[in-house]
Amino acid sequence: MDLGVRWKLHGDGRTPAPGAVVRPDERLSWPRTVGLGAQHVVAMFGASFVAPVLMGLDPNLAIMMSGVSTVIFLVATKGRVPSYLGCSLSFVGVAAVIRAQGGTSATVTGAVFVVGVALFLVGVAVQRFGARIIHAAMPPIVTGAVVMLIGFNLAPVTASTYWPQDQWTALLVMLFTGLAVVCLRGFWSRVAIFLGLLFGYGISWLFDRVFGKIHSVGGNGQMTDHWRLDLSGVGKADWIGLPTFHGPSFQWSAILVALPVVIALVAENAGHVKAVGEMTGSNLDDKLGTAISADGVGSMLSTAVGGPPNTTYSENIGVMAATRVYSTAAYWAAACFALLFGICPKFGAIVAAIPGGVLGGITVILYGMIGLLGAQIWIKSKVDLRNPLNLVPAAAGIIIGIGNVTLKFTDTFSLSGIALGTLVVITGYHTLRALAPAHLKTQEPLLDEGTSSYDEDAEGAAGSGGSGGAAGSRGSGGASDGGEPRRP
């Protein structure tokens, strides 16, 4: 059975020839491949260890299961789709909402486990029927609105939880991270969040030495005098040991909050596969359903033992673009590094010690970026917001999501925030489209342009089609116009 673990040596094994790329089934020398794997781990660290901290989950377990999920993905796609699977930021808001409703870590992972099941089933359906089923259910107006409300629903978390813990540190970290994202180039710009964390650690340590303890709201929500950076747990932590495991717990209220995120995950997986296909010059259309299913399986396995869900990482696409090395051997090396970090409790203690003010500065940018990716989907897909068919459901759903509006059915069951907003966008759009007059139903691209070529019947059924772009909550895709897909 072909598992995609046999690689041909590229050239002399040192560097790609001018204009050449190291393809997924090739590799450089093993020392260079291991070094590239380490670089991929650094690239994904910025988001992959911040996300579990924000979700209240064990960062050691998150890193370990990201390695396991990456291996599952590489095996499932038979080494044709180079990708790293790390903790998805799309679920941070979901976790915050569930915990605000009294949920525990088990409740969070149980809800997200169901999302993993749903993602797996979507992948199976895409393998069976083609991407047209995605296109029909999630046109750009729906996908963009859902991604936007997921991101902006997080604003109160920053404003009420992280920022008040140390407002001046948060402000400095926000400014530094923003400058790093904009002013740095190449690889360093892709790890700007990680650099922001390091800067925040340094500033917190310096302020403790200069100003002493701070009187503010601590991580426990109480006003106390405390150190900004408390590393006492690092010294007590062992160098080697297993992370903390726990089983999931299932509650319908939590599941309904989490389910809308599957829309964002489908969009980002589609964009990721398309982007990798264009960079490598390979037709990966037949791997879309497999990639989505593999992501679902990885998330199910991770959440089943108490870890966070995973998704394909666009940061690592950037590393591939910069190095021109698309070898899946480098991703196997990265997965091995992640497994080693996962069994180092001291590493987890360092991550857990991130000061609240530092998280406040980073999340101001991070949460806003997640939300604005929804606008990017609209822009690249040329969604016409002057059309009330698009404007009304998106406007209503986004305000419900951001304002955390609640619809109470009984004393024990209600819908609010992300879940209610997503329901309004999807049902509202399709209901209004069924009832709208013909002149409002103008032809427009479905989901994103990057996945239009995945529809086997697109060329015959779409006709002249429309123009648009590819975007996801983390990934990005290529472009095509209507029927015939553009190839590199």
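List pairs: first residue in the range 237-251 and touching a residue at least 40 places away in the same chain (Cβ under 8 Å), second residue assigned to a loop (DSSP other than H, G, I, E, B) and acidic (D, E) anywhere in the structure, Cβ distance under 9 angstrom, at least six positions apart or on different chains.
P243/D58; T244/D58; F245/D58; H246/D58
I'm checking my understanding of the structure. Among residues of the range 419-442 that are within 30 Å of the chain's Cα centre (by Cα) and of a type in the set (A, V, I, L, M, F, W, C), which one is modelled with the lowest pLDDT?
Within the range 419-442, the match that is modelled with the lowest pLDDT is A419.
Report, by residue number, each residue of the range 338-364 that is at pLDDT 80 or above and surrounded by fewer than 19 Cβ atoms within 10 Å (Cβ to Cβ).
Residues satisfying the conditions are L339, L340, I343, K346.
Say whether the condition of being open to solvent by 50 Å² or more (accessible area, probe 1.4 Å) and within 26 Å of G56 (Cα to Cα) is met by at least one residue in the range 120-138.
Looking for residues that are open to solvent by 50 Å² or more (accessible area, probe 1.4 Å) and within 26 Å of G56 (Cα to Cα), one finds at least one in the range 120-138, hence yes.
Is it true that L206 is open to solvent by 40 Å² or more (accessible area, probe 1.4 Å), free of Cβ contacts under 8 Å to residues at least 60 places away in the same chain, assigned to a helix (DSSP H, G or I) and within 30 Å of I370 (Cα to Cα)?
Details: open to solvent by 40 Å² or more (accessible area, probe 1.4 Å): yes; free of Cβ contacts under 8 Å to residues at least 60 places away in the same chain: yes; assigned to a helix (DSSP H, G or I): yes; within 30 Å of I370 (Cα to Cα): no.
It is false that L206 is open to solvent by 40 Å² or more (accessible area, probe 1.4 Å), free of Cβ contacts under 8 Å to residues at least 60 places away in the same chain, assigned to a helix (DSSP H, G or I) and within 30 Å of I370 (Cα to Cα).
In this structure, is V262 crowded, with 19+ Cβ neighbours inside 10 Å and among the β-branched types (V, I, T)?
Details: crowded, with 19+ Cβ neighbours inside 10 Å: yes; among the β-branched types (V, I, T): yes.
In short, yes.
Just to verify a result, which residue in the range 378-389, among those that are crowded, with 16+ Cβ neighbours inside 10 Å and touching a Pro at 6+ places or on another chain (Cβ under 9 Å), is nearest to P156 (Cα to Cα)?
So the first thing to find is which residues in the range 378-389 are crowded, with 16+ Cβ neighbours inside 10 Å, and the list is 378, 380-381, 383, 387, 389.
Those still in the list that are touching a Pro at 6+ places or on another chain (Cβ under 9 Å) too: 378, 380-381, 383.
Details: W378: 25, K380: 28, S381: 29, V383: 28 Å.
Per the criteria, the residue is W378.
Quick one: would you say G116 is at negative phi, modelled with pLDDT of 85 or more, over 21 Å from the mean Cα position of the chain (by Cα) and buried (at least 20 other Cβ atoms within 10 Å of the Cβ)? Walk me through how you get there before you give the answer.
On the way: at negative phi: yes; modelled with pLDDT of 85 or more: yes; over 21 Å from the mean Cα position of the chain (by Cα): no; buried (at least 20 other Cβ atoms within 10 Å of the Cβ): yes.
Taking the combined requirement at face value, the residue does not satisfy it.
The values are calculated or read from the model by the stated rules, or taken from the named source; none is laboratory data. The model shown is predicted, which means the values in this text are computed figures rather than measured ones. A quick note on method: Cβ atoms are made from the backbone with ideal geometry, for glycine too, and the neighbour counts reach across all protein chains shown. Note: accessible area is taken over every heavy atom of the protein model, side chains too, but ligands, DNA and RNA are not part of it. Shrake-Rupley method; radii C 1.70, N 1.55, O 1.52, S 1.80 Å.
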